[in-house]
Amino acid sequence: MKLDPKLFTRLTKKGILKEEFESLLQEPSDLSLELLQAQGLNLVLKDNLYCLSSTYTPVSETLFCIVDVETNGSKPSRDQIIEIGAVKLQNGVIIDTYDSLVYATDISKQIQEITGISVQQTLKAPALAKIMHEFRLFLGDAVFVGHDAKFDYNFVSAMMERVGLDALLNRSLCTIDLAERTIESERYGLAYLNEQLELYREATHHRALSDAMTTTKLLKRTLPLIPKSIHTCEELIAFSKEAKRLKRLKAAPKKIEESEPSYSE
């Protein structure tokens with residue numbers, strides 16, 4: 001199912017009257033609500049209003065699913081995921097992980113060099129359909145978190161549709177956005193932050209589970225830095241998008257190394 005963007009926004013704000021929302025559903029309300037929940041949209045009915053559960057769920061109780069994908073190109077319409085890794089986090093505790101290569105027959109030499117993933121490896125991996133069905137169950141209605149979440153979210157959603165599943169409707173949170181509002185830094189790339197903040201010493205950059213784990217540690221570092229006025233998951237998402245970014249640190253001037261003068265006899 002697909003929801004009109006304006007309806008979606010209303011669900012994240014004041015909610016929609018029960019009668020109005022159910023009149024807009026394509027199927028009988030019970031079936032439609034089940035389908036929406038299967039796509040990751042966790043709706044609650046309170047005071048005769050439908051809204052997202054994230055509107056009421058405290059940040060400490062929110063189930064986050066931190067996701068990273070490696071792909072064989074930049075366009076979900078023509079390319080595919082070749083590896084996916086994810087970490088489930090709740091109240092600061094890692095409760096589960098998911099990690100798999102994905103069957104693929106085409107990986108450019110450049111991407112093989114960046115990721116260390118070869119075609120020989122992906123030819124032995126499970127099919128995309130199997131991985132997407134497994135990951136849909138793993139993700140559930142958790143908040144989808146990524147470092148540049150839009151890229152990972154769009155790829156996962158497109159792969160879901162490619163194998164016959166519905167597009168994602170999970171709420172999402174970008175750790176770049178969150179870091180820019182809580183941590184002063186010169187740059188906000190994951191490898192740079194990992195090095196500067198010493199997040200994950202065992203990190204292997206551009207491998208899915210490793211990057212998901214690094215992002216998890218970054219999320220854990222940023223959450224204690226959010227304003228005390230933020231209580232719910234939806235307030236956290238709004239803060240990550242709307243709060244003023246911190247001023248970036250200036251790059252340290254490079255030292256000019258003077259060569260020792262040479263003397264001739």
Cβ-Cβ under 8 Å pairs, at least 6 apart or on other chains, the range 154-165 side farther than 14 Å from ALA127 by Cα, far side at pLDDT 95 or above and among the aromatic types (Phe, Trp, Tyr): VAL156/PHE135; VAL156/PHE144
Residues of the range 193-207 being touching a helix residue (DSSP H, G or I) at 6+ places or on another chain (Cβ under 9 Å) and in a helix (DSSP H, G or I), which ones? LEU193, ASN194, LEU197
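Looking at the range 172-192 only, could you name the residues that are in a helix (DSSP H, G or I), of a type in the set (Ser, Thr, Tyr) and over 18 Å from TYR153 (Cβ atoms)?
Residue satisfying the conditions is TYR192 alone.
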Here is a check on your reading of the model: is LEU219 among the hydrophobic types (A, V, I, L, M, F, W, C) and either surrounded by 21 or more Cβ atoms within 10 Å (Cβ to Cβ) or within 29 Å of HIS133 (Cβ to Cβ) (or both)? yes
Would you call VAL87 in the same structural domain as TYR200 (by TED's automatic domain parsing), over 24 Å from LEU7 (Cβ atoms) and touching a residue at least 40 places away in the same chain (Cβ under 8 Å)? yes
So which helices (runs of 4 or more DSSP H) stay within the range 1-88 end to end and still have 2 or more residues that are within 29 Å of VAL163 (Cβ to Cβ) and charged (D, E, K, R)? 29-38
Over 17 Å from the mean Cα position of the chain (by Cα), under 30 Å from LEU33 (Cβ atoms) and at pLDDT 95 or above, is that true of THR182? no
Could you list, in sequence order, the residues of the range 182-214 that are crowded, with 17+ Cβ neighbours inside 10 Å, among the charged types (D, E, K, R) and under 29 Å from LYS228 (Cα atoms)? ASP211
The range 18-27, residues that are at pLDDT 85 or above and surrounded by 14 or more Cβ atoms within 10 Å (Cβ to Cβ): LYS18, PHE21, GLU22
In the range 100-158, what residues are more than 19 Å from the chain's Cα centre (by Cα) and of a type in the set (Asp, Glu)? ASP106, GLU113
List every residue pair whose Cβ atoms sit under 6 Å apart, with the two residues 6 or more apart in sequence or on different chains, where the first one lies in the range 129-142 and is assigned to a helix (DSSP H, G or I) and the second, anywhere, is among the aromatic types (Phe, Trp, Tyr) and modelled with pLDDT of 95 or more. PHE138/TYR98
Please determine whether any residue of the range 125-134 is under 24 Å from LEU101 (Cβ atoms), modelled with pLDDT of 95 or more, touching a Leu at 6+ places or on another chain (Cβ under 7 Å) and buried (at least 17 other Cβ atoms within 10 Å of the Cβ). yes
As an exercise: evaluate GLY92 against (1) touching a strand residue (DSSP E or B) at 6+ places or on another chain (Cβ under 8 Å); (2) on the phi > 0 side of the Ramachandran plot and give the number of the one condition it does not meet. (1)
Residue pairs, Cβ under 7 Å, 6 or more apart or interchain, first in the range 13-32 and assigned by TED's automatic domain parsing to the domain that holds LYS46, second part of a loop (DSSP other than H, G, I, E, B). List them. LEU17/ASN48; LYS18/ASN48; GLN26/MET1; SER32/MET1; SER32/LEU25; SER32/GLN26
So is MET160 over 28 Å from CYS51 (Cβ atoms) and not β-branched (Val, Ile, Thr) or not? no
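The values are calculated or read from the model by the stated rules, or taken from the named source; none is laboratory data. Since the model is a prediction, treat every value here as computed from it, not as a measurement. Please note: Cβ atoms are built from the backbone with ideal geometry, for glycine as well, and neighbour counts cover all protein chains shown.
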